1. With of a type outside the set (S, T, N, Q), within 24 Å of residue 82 (Cβ to Cβ) and touching a His at 6+ places or on another chain (Cβ under 6 Å) as the only criterion, which of 149, 214, 197, 143 stands out?
2. What residue, among those in the range 198-209 that are of a type in the set (S, T, N, Q) and surrounded by fewer than 22 Cβ atoms within 10 Å (Cβ to Cβ), is farthest from residue 228 (Cα to Cα)?
3. Does the range 8-19 contain any residue that is surrounded by 12 or more Cβ atoms within 10 Å (Cβ to Cβ) and free of Cβ contacts under 8 Å to residues at least 60 places away in the same chain?
4. Being under 30 Å from residue 136 (Cα atoms) and either touching a Phe, Trp or Tyr at 6+ places or on another chain (Cβ under 7 Å) or not assigned by TED's automatic domain parsing to the domain that holds residue 102 (or both): is that true of residue 229 here?
5. Of the conditions (1) touching a residue at least 40 places away in the same chain (Cβ under 8 Å); (2) within 15 Å of residue 259 (Cα to Cα), residue 67 clears all except one; give me its number.
6. Could you identify the single residue in 171, 246 that is farther than 24 Å from residue 82 by Cα and either at pLDDT 80 or above or in contact with a Ser or Thr (Cβ under 7 Å, 6 or more places away or on another chain) (or both)?
7. Out of 77, 133, 89, I need the residue that is surrounded by 12 or more Cβ atoms within 10 Å (Cβ to Cβ), at pLDDT 85 or above, over 23 Å from the mean Cα position of the chain (by Cα) and on the phi < 0 side of the Ramachandran plot. Which one?
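The values are calculated or read from the model by the stated rules, or taken from the named source; none is laboratory data. Predicted model, so just to flag it, every value in this text is computed and none were measured. We place every Cβ from the backbone using ideal geometry, glycine too, and count neighbours over all the protein chains shown.
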Amino acid sequence: MRRKYVSGDTVYTCFVYAFLIFFTLIIFIPLLYVVTTSFAPERDYYTRGFFFIPSSWTIEAYQYLMHNPGFTSAFKNSVLITGVGTLINMTITSLMAYGLSEDWLKGRSLINFLILFTMLFSGGLIPTYLVVNALNLIDTYWAIWLPAAVAPFNVIVMRGFFKSIPYELKESARIDGCGEWRLFLTIILPLSKAGIATFTLFYMVANWNTYFSAVIYFNDHSKWPLQVFLRQMLILDEAQIGQLPEPIYRYTPAARMAAILITALPLFVIYPFLQKHFNKGMLIGSVKG
């Protein structure tokens, strides 16, 4: 009788699959609970505790949020911060990276060193706040956009994208009379779609998740982004809620779960369109940089 031997590769493959399934369940189960709770009546939360299937399905929590002026205002603020902030980020980052990728830029080594230096050392919270306050940017969206206008790491990696474009292609365009602006807009950017998509996603996630800066720089609650608004819904207890200037933070458990899903939904929708460029973007930029 022949004995069947299990190879080491088979054992390793089984281990990998088991590991991935385990951590997928760790992520999926809480997400499923949030989804089902958002569609469940309030009595299920208090009478059934932890459940995956509600006794009845309802969209009252979503209807309540859509008609809640505080939530809709916070959602609009996040859309504004993310849209304008990402545009500012990508404009400055791509222009800086293109200039630093060209040999004709004088002082390029010094500028590269300063960018790298800011990755290791920062001015700190208090000096940054003093500068923002001195510029009269408190309670304005520029307090969010300007201090985070450029991420040094993104500039360095995007510079690698632009360096990967053949020098002969750029020189032939210049010989044909193409100026630097036209070269950048019509040749460089279209050939760098992977990098543009990758760092657009990075900046969008960072801007959409703006929390700490908003807490520091916004005294006006009407300018709060969605992340700060969520904190009021999920963290504050009833005593603290009663001290707030507006009684708009009394949410049922279903409304809180619905708010979490609505907050995460935009990134879930956008990511699949940029995902195909993500791996390629990170690989090329990091190797060529």
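1. When all the criteria are applied, what remains is 197.
2. Of everything passing the filter in the range 198-209, 200 is farthest from residue 228 (Cα to Cα).
3. No, that holds for no residue.
4. yes
5. (1)
6. 171
7. The conditions single out 133.
Yes/no per residue for (1) under 21 Å from residue 229 (Cα atoms); (2) assigned to a helix (DSSP H, G or I):
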| site | (1), (2) |
| --- | --- |
| 51 | no, no |
| 62 | yes, yes |
| 72 | yes, yes |
| 77 | yes, yes |
| 85 | yes, yes |
| 92 | no, yes |
| 95 | no, yes |
| 109 | no, yes |
| 112 | no, yes |
